[in-house]
């Protein structure tokens, strides 16, 4: 519950929207607000605050979806071992538009790495149950022949059958059976059924390694639960990042298409003016060069868009014949409210990565105690019950009487003790090894703590920079659009050349690309802060008031973009000047 409490304290605080001031101004404010350095030795330790064996708290993170709504049922992941073998089975037959919320639902249900994390939790639970079984007695059943049949024939030297009788010590006297008076034959036979059954119950009254092994298994189970929560956060973040990247590539395609249309119009005007004799061949070549450059931009954008779509499909583990598309364009999501310091403290309280290292310390300490148990006494209570039955006779004169039988039963109760007094120092060495591993985990904790702070700070600074970039690049886009319009009017009036149109068009393309990059970087940084701090204090942007009247299109830019023939690269020819 410590995570929930920390989160509620931050949510309950009176927080205002962060003001994005210039960097130097913020540095000056921080320097003015700072006092004497804090004595780091007075800071509370993670073990004092969270305990030596912290438990995972899934309540601090929204639970993962387990089922898909009816509209997304056709996008259920294929079987884990499915492997297409025909080209028709991997051919894309549907482009499915998805929103960010739908993409997150799909990845929570379909993503194989998240399913693997769930399986690891179950494996750790099974290992814990196996360790707890050491508290219970064991029962072993053995049966040597259940039943077992013996059949044998035996022959003995007749000279040794004619031995001295105990009453008549005369050598060579024939030996007879005292019961029947018949002479003994050198041939004997055996025919017998036997059954042997034993049951042993053993209970270790004293077992020094039992408690530390159970403690280590329990901590490993909690660590696996933490790993699942970490995997869930990472899957959600990776899905959001892949979706935003797809929006970025969609914007690149739109910008590339618009640039190609503008270049086609510019080339058309340049050729018309050249044919009218009011411009030079150089202006036509400049327009052709710009068109080729914009076509290259569009070609790269289309390729990146295809890769971004398939990257999102891999993240969502969609069916082999479906490719996702972004249903919404790139727009600013909202404003991050908590300050940098509040974000860092929230991340420390929220991140299970730190708890994992605390659990590693506990696991290694338990393993150290288990290593010492190898040279400590073990006391066991053992009860053994056995029974034996025979039916038939062995080594008798034929025929065998199967009515002859015997049986026996016994029960033994004992207290057994074992103590490996000396093992050459192996147990003590393993004890030191695990204690050293525990110390290593402490150092890893410090490294992870610094890493978490750096991640939060990087995302916060990226968010602040992108916020400024959105504002500046939006003005740049508006200015470049107006500059391009004026340059085209000047070119059509004959007061400027094609170079000015090409330059302003290039500025507009660059400005639009920068604006799209700033929006995507802003949204990605916002998603990173939400995932890395556990906070969800984002003020959504107000909806844009759009006019109900469709704006009039510029007829000059209604130019279809003809598909480019995919010719082999070896057919491209560039004349290289000699010398």
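Read-outs throughout are calculated quantities, based only on the coordinates presented, and are distinct from any laboratory measurement. Bear in mind that the values here come from a model prediction, so they are computed numbers and not experimental data. When we count neighbours, we look across all protein chains shown, and the Cβ atoms used for this are built from the backbone with ideal geometry, even at glycine.
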*So what are segment 409-485's ellipsoid semi-axes, whole angstrom, largest first, if each one is the square root of 5 times an eigenvalue of the alpha-carbon gyration tensor?*
72, 19, 9
*Based on the mean of other beta carbon atoms within 10 Å per residue, what is the order of 217-224, 265-272, 135-142, 200-207, most packed first?*
217-224, 265-272, 200-207, 135-142
*What is the distance in Å between the Cα centres of segment 329-360 and segment 393-458?*
42 Å
_Distance from segment 61-110 to segment 233-301 (C-alpha centre basis), Å_ = 33 Å
_residue 125-residue 156 pseudo-label distance in nm [points 7 Å out on the Cα-to-Cβ vector]_ = 6.8 nm
_So for segment 355-439, averaging the separation of alpha carbon pairs under 8 Å that are six or more residues apart and normalising by length, what relative contact order in percent results?_
45 percent
*Kindly rank 527-539, 343-355 from highest to lowest mean number of other beta carbons found within 10 Å of each residue.*
343-355, 527-539
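Assign one of three labels to segment 299-389, namely rounded, prolate or oblate, based on the Cα gyration tensor with a ≥ b ≥ c the square roots of its eigenvalues; rounded applies when a/c is under 1.5, prolate when it is not and a/b is larger than b/c, and oblate otherwise. Working shown, then result.
Details: a/c = 4.47, a/b = 1.94, b/c = 2.30.
Oblate shape, in that a/c is at least 1.5 and b/c is the bigger or equal ratio.
Which of the peptides 43-51, 426-434 is most tightly packed, and how do the rest follow, going by the mean number of other Cβ atoms within 10 Å of each residue?
Values: 43-51: 12.8, 426-434: 15.3.
Most protected by this proxy first, the peptides run 426-434, 43-51.
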